[in-house]
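Here's the structure, in structure tokens; my notes come after.
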Amino acid sequence: MTFLFTIGFLEIEFLDIIDILLVTALLYQLYKLLTGSVALKIFLGLLSIYLLYLVVRAAGMELLSIILGQFMGVGVLAAIILFQPEIRRFLLLIGKTTAFNHDRFWGFPWRREQTEKLSLTPFIEAAKSLAAKNTGALIVFAKSSELKYYAESGDLIDAVISKRLLMSIFNKNSPLHDGAVIIASNRIKAARCILPVSENQEIPASMGLRHRAAIGLTEITDSIVLVVSEETGQIALVRNGEAFRNLSSADLRVKLNQFLFDTDQRATISPSEKSVSAA
């Protein structure tokens, strides 16, 4: 291998530069993934302990080196446990961008054809009616995963989608209204489902528990979540931890088409729409 240049006693090769650039990109993505969450503080704490361990070992402090060394020995296992949600988000990010996830790659002759396109009209009409009555709602559209774990936390329904059924579920007197409805395979799979609440400290205080639950789920899955605020009656759509608020019916239809079916449509968003990132 031909050396490009030297810095003191270091001999820099072309692969060294590529290695540094890849590590830099990885650390940057890791920082973006952890920014705004409690996990970033935990990561900085572990990094501080590791740096302290290096200093103590270099100084020859044997007893403290043994104690910190034992702690660092289980560091990988501890990191997997502590950063489980972040690791899932990272792997999901890789899975969504890799070529193995594209339909063209999986378009084998024996693959079953997709079912008919999901009709958005019942959701848009139900959201409009619920918003007019200031009735809260939380509707999850599953994409690559059917979210069976979260569906099993509620009551399984497996019913045909209709506006009247959605209105009945989120009626304030209904025993199923408290929680989320999960839509998968063009059916209402479950209601009264429990979603993970986001720990992002940058979420505005004006966002209630429904919005935080929607952001929390989209941080760790590729689902799309429709939220109707009980306090304001505003309609919001959440994807990848980002909330698009105060949507009109037309905006909601265009964004649902864009997010669920990857269309190239662009909504004309009203000036009052707000976007909040959970990154």
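A quick yes/no check of all residues on (1) over 19 Å from ILE169 (Cβ atoms); (2) under 20 Å from the mean Cα position of the chain (by Cα):
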position: ARG210; (1), (2): no, yes
position: LEU217; (1), (2): no, yes
position: ILE220; (1), (2): yes, yes
position: GLU231; (1), (2): yes, no
position: GLN234; (1), (2): yes, no
position: ALA250; (1), (2): yes, no
Would you please name the residue that is farthest from VAL228 (Cα to Cα), looking only at residues in region 145-161 that are open to solvent by less than 40 Å² (accessible area, probe 1.4 Å) and in a loop (DSSP other than H, G, I, E, B)?
LEU147
Contacts under 6 angstrom Cβ, first residue in region 228-239 being among the β-branched types (Val, Ile, Thr), partner in a loop (DSSP other than H, G, I, E, B), 6 or more apart
VAL228/GLY136; ILE235/LEU247
Could you count how many residues in region 8-58 are exposed (fewer than 13 other Cβ atoms within 10 Å of the Cβ), β-branched (Val, Ile, Thr) and modelled with pLDDT under 80?
1
Return a yes/no flag: does region 220-241 have any residue that is surrounded by fewer than 21 Cβ atoms within 10 Å (Cβ to Cβ), small (Gly, Ala, Ser) and modelled with pLDDT of 90 or more.
yes
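Evaluate the following for PHE259: is it surrounded by 18 or more Cβ atoms within 10 Å (Cβ to Cβ), in contact with a helix residue (DSSP H, G or I) (Cβ under 8 Å, 6 or more places away or on another chain) and aromatic (Phe, Trp, Tyr)? Steps first, answer last, please.
Details: surrounded by 18 or more Cβ atoms within 10 Å (Cβ to Cβ): yes; in contact with a helix residue (DSSP H, G or I) (Cβ under 8 Å, 6 or more places away or on another chain): no; aromatic (Phe, Trp, Tyr): yes.
Criteria not met by PHE259.
Can you tell me which residues in region 126-144 are over 21 Å from ARG239 (Cβ atoms) and either part of a helix (DSSP H, G or I) or among the acidic types (Asp, Glu) (or both)?
Filtering region 126-144 down to residues over 21 Å from ARG239 (Cβ atoms) leaves 129, 132-135.
Correct list: SER129, ALA132.
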Give just the number: which of (1) more than 20 Å from PRO196 (Cα to Cα); (2) at pLDDT below 80; (3) surrounded by 12 or more Cβ atoms within 10 Å (Cβ to Cβ) does GLN70 not satisfy?
(3)
Scan of region 245-263 for residues that are in contact with a Ser or Thr (Cβ under 8 Å, 6 or more places away or on another chain), polar (S, T, N, Q) and assigned to a helix (DSSP H, G or I), ordered by number:
ASN257
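The values are calculated or read from the model by the stated rules, or taken from the named source; none is laboratory data. Everything numeric in this text was worked out from a predicted model, so none of it was measured. Virtual Cβ from ideal backbone geometry, glycine too; neighbours counted across all protein chains shown. Only protein heavy atoms, including side chains, enter the accessible area calculation; ligands, DNA and RNA are left aside. Shrake-Rupley method; radii C 1.70, N 1.55, O 1.52, S 1.80 Å.
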